[in-house]
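*Asks:* Just passing along the structure, written as structure tokens.
Read the figures in this text as sums done on the coordinates, not as results from a lab. These numbers come from a predicted model, not from an experiment. Cβ placement follows ideal geometry from the backbone for every residue including glycine, while neighbour counts extend to all protein chains displayed.
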Amino acid sequence: GMRGPGETQLETDRRLINQRIKLLKERLRDVQKGRVVQRQSRQREFKASLVGYTNAGKSSILAGLTGGRDIFIEDRLFATLDPLTREVDVGEAKVLVTDTVGFIRKLPHHLVASFRATLEETAEADLLLHVVDAGQPTWEEQRIVVEQVLEELGVGDRPRLLVFNKIDLLSEEDLLALQERIGRLVKGAVFVSALHEGGLEPLRRALGTAIRSRRPLSEIRLSAGDGKLLAELHRGGEVIDQRTDGDTLVIRARVDDALAGRLRRGGAEVIAGIKTPA
Ligand SMILES: Nc1nc2c(ncn2[C@@H]2O[C@H](COP(=O)(O)OP(=O)(O)OP(=O)(O)O)[C@@H](O)[C@H]2O)c(=O)[nH]1
Ligand SMILES: [Mg+2]
């Protein structure tokens, strides 16, 4: 009963297919619009990239932080070929954590494209999480190789956090010795196990601390008519909520020092480091 007057079956099919194509095109447009919005909002979030020698456990850490079962983990070199980003809850804030392709001394030719994508992700990161396989007797050499690659990628100056993974493979004695030695060399290294319940809590806490110190929750007051400053805040900060107080907009947002400075110069009042309401 779908056939219009004088239509052959073929014409009917064609009409139905065209309707379907039109519908799908509309949906695709909506999806693409959604993507742009998502990407823009993601740009404002705090970003951390997992970097490190291949097989150190980067993907396992991301899976452990997110409970993600869709993350590819394997005991072989270069299990991960595409950067993958997931939102991680660190208490009162969210961090976008990206898994990347593992680093190695001599990069095989076919991995150069994967590596370029990794480069783009690490270049955008607020913090690099350098994952070290504490169970590897050669972890110090691997760490140096990774540092060299980071230099070559032009991100050698990025803030980073050393993450010693697979501590379950160490005896209690060896772990204590390692922690003591590392504690003398660098500040704030964390010791984790991606495979054990609660084993990633030190990393989650460190991420919480990093976001609180780099992007303190702030109260910003600006004139409700100041669209330019408001746009700047939305572009560069993570807006939590906003209300009006007469002619003043009162906004709670996470902003870094640079943005706070720009807002103040533009005439806004910025109170950094306010407490999060319970
Ligand atoms: N014992 C132990 N094994 C772990 C831990 N974390 C990861 N592994 C194992 O180490 C291997 C490599 O883990 P992946 O997460 O794929 O490592 P990756 O750093 O993502 O590796 P690439 O993607 O190749 O760079 C897997 O067999 C994991 O199960 C850990 O905390 N303890
Ligand atoms: Mg991986």
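*Asks:* Let me check I've understood the local charge: for LEU50, count other residues with C-beta under 12 angstrom from its C-beta, Lys and Arg +1, Asp and Glu -1. What total comes out?
*Replies:* +2
*Asks:* Give a residue-ordered list of calculated ³J(HN,Hα) values for segment 175-186 (Karplus: 6.51 cos²θ - 1.76 cosθ + 1.60, θ = phi - 60°; whole Hz; x for Gly, Pro).
*Replies:* Going residue by residue, I get 5, 4, 4, 5, 4, 5, 5, 5, x, 6, 8, 10 Hz, with x marking Gly and Pro.
*Asks:* Could you give the length gained by full extension between THR209 and ALA123, i.e. 0.36 nm per residue of separation minus their alpha carbon distance, to one decimal place?
*Replies:* Stretched fully, the THR209-ALA123 segment lengthens by 28.8 nm.
*Asks:* Based only on other Cβ atoms within 10 Å, what is the fewest-to-most ordering of HIS130, HIS196, HIS234?
*Replies:* With the sparsest Cβ surroundings first, the list reads HIS196, HIS234, HIS130.
*Asks:* Just grab the label-to-label distance for VAL186 and ALA258, each label 7 Å out from Cα along the Cβ direction, in nm (one decimal).
*Replies:* 2.3
*Asks:* Still on this structure: Given 0.36 nm per residue, what is the gain on full extension from GLU173 to THR244 after removing their alpha carbon distance, in nm?
*Replies:* The GLU173-THR244 span can extend by a further 19.8 nm.
*Asks:* I've got another one for you. Grab the beta carbon distance between LYS228 and LYS94, set R0 = 25 Å, and tell me the FRET efficiency rounded to 0.05.
*Replies:* For R0 = 25 Å, the calculated efficiency reads 0.35.
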